[in-house]
Amino acid sequence: MLQVDCPELNEWMQRIAPEQLSIMFAQEYLDNPLSAFAHTLLRIDSKASAADPSQIHHAVALNYTVGGNPKDNFVVYAIKSMTGRYDNLIEIDPYPARLAKYLQEDERDAWTYQLDLTPAEVQQIMLHVWETKDLKLPYYFTTDNCASEILRLIDVVRPQQHLLSQLPYAVIPSDVVQLLDDEAYLPAPTIPLLIALYAKRS
């Protein structure tokens, strides 16, 4: 095997310390038509946050979103999102802040499901994210969006299942969660964390 040392990659992997991946599903948000079909992102857990929910501050959010121009009015924004005129933006942020935005600012319900992936598969997915995170790829609202990218990442490590090709026409977050459940990737959602965050909000 080709051995290549990349200090920048090593530092990035050590900082994120990926051990476990979960999918977070945020319900529909009708105040923003572009979120009318809900939203998904990946929660990246280190050993600390995977072992103890109170260590959630060690978790990171991997979010695929549209790199739109806020100066565009809604009609222009929607047309560009549908036709690939915007880039697919990858955001990597602290998970608690990202989740709090949905629960507190937007008042949306959210569920987190651990993905049934091995630690080696998690590592391989994160290496793929490193390779692709700076690419300027087009965002398409119905086919290349927050939900399709999660299936694409899983297809990297389990290509034999062809998850993304099972949703050929439109990739909707709720359909992705259902597909992952049908393919036995999802256990029960992590409810205690939601209860704690709702209690804090109220």
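Any read-out appearing in this document is the output of simple, stated calculations on the displayed coordinates, not a laboratory observation. As the structure is a computational prediction, the values presented were derived from the model and not from experiment. Virtual Cβ from ideal backbone geometry, glycine too; neighbours counted across all protein chains shown.
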Starting from the 7 Å offset along Cα-to-Cβ, what nm value, one decimal, do you get for the label separation of V4 and D175? 3.6
Once every DSSP H run of n ≥ 4 in the chain is given -39500 (n - 2.57) and the sum is divided by its residues, what mean residue ellipticity at 222 nm do you get, rounded to the nearest 500 deg cm²/dmol? -11000 deg cm²/dmol
Using a ≥ b ≥ c from the Cα gyration tensor of the range 84-184 (square roots of the eigenvalues), is it rounded, prolate or oblate, where a/c under 1.5 gives rounded and otherwise the larger of a/b and b/c decides, a/b for prolate? rounded
Most exposed to least, judged by fewest other Cβ atoms within 10 Å, M126, M24, M82 sort to M82, M126, M24
Let's test the formula: R0 of 22 Å, r as the Cβ-Cβ distance of Q166 and L89. What FRET efficiency results, to the nearest 0.05? 0.30
Cα Rg, Dmax, the range 61-139, angstrom units: 15.4, 44
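How do C146, C6 line up, fewest other C-beta atoms within 10 Å first? Walk me through the numbers on the way to the answer.
Numbers: C146 23, C6 10.
Fewest to most other Cβ atoms nearby, the residues stand as C6, C146.
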Using θ = phi - 60° and the Karplus curve 6.51 cos²θ - 1.76 cosθ + 1.60, what whole-Hz ³J(HN,Hα) does each residue of the range 95-110 get, with Gly and Pro shown as x? 5, x, 5, 5, 5, 4, 4, 6, 6, 9, 6, 8, 6, 10, 6, 9
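Within the range 7-201, how many Lys pairs that are eight or more residues apart, or on different chains, come under 23 Å at the alpha-carbon?
Values: K71/K80; K71/K101; K71/K136; K80/K133; K80/K136; K101/K133; K101/K200.
Lysine pairs, 8 or more places apart or on different chains, close enough: 7.
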Starting from the Cα-Cα distance between T142 and E183, subtract it from 0.36 nm times their residue separation and give me the gain in nm to one decimal. 12.6 nm
Rg(Cα) / (2.2 N^0.38 Å) computed for the chain, rounded to two decimals: 1.02
The Cα radius of gyration of the range 59-99, divided by 2.2 N^0.38 Å with N its residue count, comes to 1.38
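How much length is gained if the chain between T132 and E105 is pulled fully straight, taking 0.36 nm per residue apart and subtracting their Cα-Cα distance, in nm to one decimal?
Working: separation 27, 0.36 × 27 = 9.72 nm, distance 3.02 nm.
Separation in residues times 0.36 nm, less the Cα-Cα distance, equals 6.7 nm.
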Just subtract the alpha-carbon distance of V76 and T118 from 0.36 nm times their residue separation and send over the number in nm, one decimal. 10.9 nm
